[in-house]
1. Report the residue count in segment A:163-177 for those that are small (G, A, S) and either touching an Asp or Glu at 6+ places or on another chain (Cβ under 6 Å) or more than 20 Å from A:L214 (Cα to Cα) (or both).
2. Kindly list the number of the only condition in (1) closer than 25 Å to B:R98 by Cα; (2) among the hydroxyl-bearing types (S, T, Y); (3) not in a helix (DSSP H, G or I) that fails for B:Y160.
3. For segment B:225-263, which residues satisfy the criterion of being surrounded by fewer than 18 Cβ atoms within 10 Å (Cβ to Cβ), small (G, A, S) and closer than 17 Å to B:Q34 by Cβ?
4. Which one of the conditions (1) over 30 Å from the mean Cα position of the chain (by Cα); (2) outside any loop (DSSP other than H, G, I, E, B); (3) within 14 Å of chain A (Cβ to nearest Cβ) does B:K32 fail to meet, given that it meets all the rest?
5. Scan segment A:93-117 residue by residue and report those that are aliphatic (A, V, I, L, M) and outside any loop (DSSP other than H, G, I, E, B).
6. Evaluate the following for B:L78: is it within 14 Å of another protein chain (Cβ to nearest Cβ), aliphatic (A, V, I, L, M) and within 28 Å of B:S162 (Cβ to Cβ)?
7. Filter segment B:14-29 for residues that are surrounded by fewer than 24 Cβ atoms within 10 Å (Cβ to Cβ) and modelled with pLDDT under 95; which is farthest from the chain's Cα centre (by Cα)?
8. Being assigned to a loop (DSSP other than H, G, I, E, B) and at pLDDT 95 or above is the filter here, so list the residues in segment B:120-136 that pass it.
Number of protein chains: 2
Amino acid sequence: MARRVALLQSCPIVGDIGGNAEMILQMTKIAKKQGASLAVSTELIISGYPPRDLLLQDDFVVACNDKSLSLDCEIPVLIGSPVPPLDERSLPGNGVIRAGESPREVTRKQLLPTYDVFDEARYFEADERPGIARTIGGLNLGVTICEDAWQHCGATPNDYDSDPISQIVEWGRQGVSLDATVNLSASPYHSDKVNIRLQVARSAAKSLGHPFLLANQVGGNDDLLFDGRSIVAWPNGQAILAPGWSEGVLIVDLDEINSCTWIGEGELQILDVNQESEVPDDDLLDAIVIGLADYCKKSGISSIVLGLSGGIDSALAACVAASAVGAENVTGISMPSRHSSQHSIDDARSTAHNLGINFEIIPIEELHKTAETSLDEILSVGHPVAAENLQARLRGMIVMAFANANGAMAIATGNKSELGQGYCTLYGDMAGGYAPLGDLYKMEVYALAKAFNNRFGKDVVNNSTLTKPPSAELAPDQKDEDSLPPYPILDDILRLHIEEGLDATGITNRGYDLVTVNEVLTRLASNEHKRWQMPPAPRVSKRAFGQGWRQPLAARHDWRNFLSE
Amino acid sequence: MARRVALLQSCPIVGDIGGNAEMILQMTKIAKKQGASLAVSTELIISGYPPRDLLLQDDFVVACNDKSLSLDCEIPVLIGSPVPPLDERSLPGNGVIRAGESPREVTRKQLLPTYDVFDEARYFEADERPGIARTIGGLNLGVTICEDAWQHCGATPNDYDSDPISQIVEWGRQGVSLDATVNLSASPYHSDKVNIRLQVARSAAKSLGHPFLLANQVGGNDDLLFDGRSIVAWPNGQAILAPGWSEGVLIVDLDEINSCTWIGEGELQILDVNQESEVPDDDLLDAIVIGLADYCKKSGISSIVLGLSGGIDSALAACVAASAVGAENVTGISMPSRHSSQHSIDDARSTAHNLGINFEIIPIEELHKTAETSLDEILSVGHPVAAENLQARLRGMIVMAFANANGAMAIATGNKSELGQGYCTLYGDMAGGYAPLGDLYKMEVYALAKAFNNRFGKDVVNNSTLTKPPSAELAPDQKDEDSLPPYPILDDILRLHIEEGLDATGITNRGYDLVTVNEVLTRLASNEHKRWQMPPAPRVSKRAFGQGWRQPLAARHDWRNFLSE
């Protein structure tokens, strides 16, 4: 008889225990129908990942645990679930429960990532050994949870004291016979992640000498994205990869790679020994759309409003919004001021028209004039940035008025380059419940706009928007390059510092001018107070502002001053 | 010869390695002059606490370590400093360096708190034993770092695997003779903290059989406050306590409690066996003022602007601001609308006049009318909250215009009760760089306003402000109680849930109506998206929004729905 295991690549909703349980039951039915004798879910599927401080509520943990243990599924399922502390003075575990016949706890996670976007030492007690699920659907399985498998090939930023994969290998040497090892994952996306994850799976399979099956969560949860792409790797280096960004059931035939099937949208990738996965060019586009779409779906938001300036950022944000909630549920508002050029209105209208979203024009000139009169004493002296910000804040107010009146969510249209430099207005263009482009450098914004045009098969974002010099249009003839280095340079300097951790010296060694580099890094450091108040942005880079970026605020002293004392 | 140790109760600036080193040198001079043979600093004094993601920069850690090792101090000092990882695949340590004669690393922190506001497992590798500093200034000392001493009496939320105090006790049994054990702390404030800290010190001294000396950081760093109150406890239960909220040097005579002295402002408290510390009634007032004052000082902000509505929150915020940066550096702006009553303007003027801050009146009627005209189509249909928020956002815009023009910082005036219920306007009254009252329940705001009046010896906050029913004045005859339970009830429900962790059942068991409780908890859960964008607020309660409160956003499903399926 074929040895068939189903991996449930799913999109749970954090906190929705009942809904997540129902989803598991539905997917398990599909799995059974396809001949699987057991199913493997993702990490913490019953609570959704990451449950964050819900885990501090004892009764939440108990409810998850009870629901998992009592799940009436047609074939056995390994369910990722918070499990209660082992004693009164301990934390809960990040566990795996065997549901269906002879329900019981199988194991708890050993390696608790506490870096970057991860906080698991805050919530969980670490276990000391991996689990084994014996005679489950006729198989014997090693059971690990996400990070547990990452130490083995050195893919963690720092070493843990133990290596659960090696522990299972050692058990094998001692005579424990396993058909496969499974891994319940909630492994977040970033643009370079899939091949690292593939390496983790292949390394484990090779050492274990049997197939390694990794079921990964899919979908967006606030700032975290999960791309799915569940993996099965065989000891010889062959592997299969489920599609990214869609839910489905991966039916794994342990003995015959060509008999594996994917029940869901998209195609299974079969990878030869050492073959890497080719991520589609427009993968980032899917990531950004899913982030916003899931944020809306999970928060009960059905419509979106944004300011359409005629610039590239708001044009792309409109494309993302239309893809996320449907063009008919998106409203773009053009809010020209005396500093807006005619092309700004024309380009905004063009984007709206091409996308088929609702379009409104609300000029701000009257409001702007009245505000200048009311604030004459304030604005006539002092820093000119006050007058510039006034326009951005009037626009923020209008967008928010539309949002509040209609129960829509405003989105902020800023990108990572701007946010990193503070080249944006708090409560102005930074206003909104979500910032879909908040982790995209400016040049990525351009690339993604072109990718959208490709996908739509027409120039939704017109040539004028794509080619004119970026401008905030808050003062006469203003250009971004008056205040910032050209974006290709700015992006690269930011990326070298944020993603690669280089300091000013390291960056100048890559060929950039020291004065420019210092200016960029100083603006980055001194604008953290703005980022503290930015809306959540989907994380697509190795390091995003927000959960994965914890700078001190009242500490804007450049500590390197010390070095040059 | 007297055995004299100096504890440096200091206020380092995060990232300012050179400045912090200079501060240590100055304090050490005082210590020497007072006859101390060595000095003990606070945790991570050289980097400031908490350095957060600065610790991810390798060269920052190296710079701290090098600076500490090379410090040319007149008597030996134990310096809290980040120390480099022990190997390439490890994290740095939270260490203690002996500076002065024979400089070297003494120990690294064993217990790394990773709960509430603490993130230390993110940054540090845990050590396995406490340190000993031998023949330092003629003494032999056990050396521990903050949390290291908290396991011993069970004052941590969960148990660690080891107890550094017991380890030192065991060394004593094995013949290691110590004069005292010291503890370098950065132990944050909350309103019930000091007597817990005292209990930690007494418990350690009793078990150790020698004096236990705890040097604590003082001052504000963003949302974290440190109250100082360094402690020395003797094995018999006697203790001394340095003053709260001020820097200074505590000269400890290990053999004679009455010879201990405090060089700085305020008075040393000498506590008899089992005597608790009495925290002054207006302690919370000092906490809030220090939080704002240090945020400004450390960020280079010298002036503050806020909206003065005539209500209690902005009146108290004005008192705090005037105390923090000086009345002459504070501007209060009254921004009456058609819904503002005359007493609102009068009361705002009264507060400003009594405090001696600058006062401006900028009516918003013209702007409001223009905005209504511009937004007629939007406001004439849809939810009335849009029109209400418009007024709050116009005011936020005006305050921010003043701030931007004058290089001042706007402060948000909201309190914890409002923020917890979402009874506030994003980008309106929530605008500002800091929210001094953000962790105070509404009834605490009243109490603190009275405490200010007591301190000033006159009714700075007038009787009308203190006694009129709270109103947002965004609609005709609007009262907070139209939308919220009376504040004494609301505050208590929020406190029982947030501080004590009770669920709806637990709260109704305390005598509250289930419908009210459910409404309050639902509003709390469903407004997390606003709190994600709130400015930092000084943490004075056991659990504050912000760093110590990590709710999921797109997860506003009340998971308890599951229980009532």
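The values are calculated or read from the model by the stated rules, or taken from the named source; none is laboratory data. Note that the structure is a prediction, hence the values are computed from the model and not measured. Here the Cβ positions follow ideal geometry from the backbone for every residue, glycine too, while neighbour counts run over all protein chains shown.
1. Restricting attention to segment A:163-177, the residues satisfying the condition of being small (G, A, S) are A:166, A:172, A:175, A:177.
Those left that are additionally either touching an Asp or Glu at 6+ places or on another chain (Cβ under 6 Å) or more than 20 Å from A:L214 (Cα to Cα) (or both): A:175.
Looking only at that region, the number is 1.
2. Result: B:Y160 passes all but (1).
3. The answer is B:S259, and nothing else.
4. Of everything listed in (1) over 30 Å from the mean Cα position of the chain (by Cα); (2) outside any loop (DSSP other than H, G, I, E, B); (3) within 14 Å of chain A (Cβ to nearest Cβ), B:K32 misses just condition (3).
5. Across segment A:93-117, the qualifying residues are A:V96, A:I97, A:A99, A:V106.
6. Considered against the rule, which asks whether it is within 14 Å of another protein chain (Cβ to nearest Cβ), aliphatic (A, V, I, L, M) and within 28 Å of B:S162 (Cβ to Cβ), B:L78 comes out as no.
7. B:G18
8. B:F124, B:E125, B:A126, B:D127
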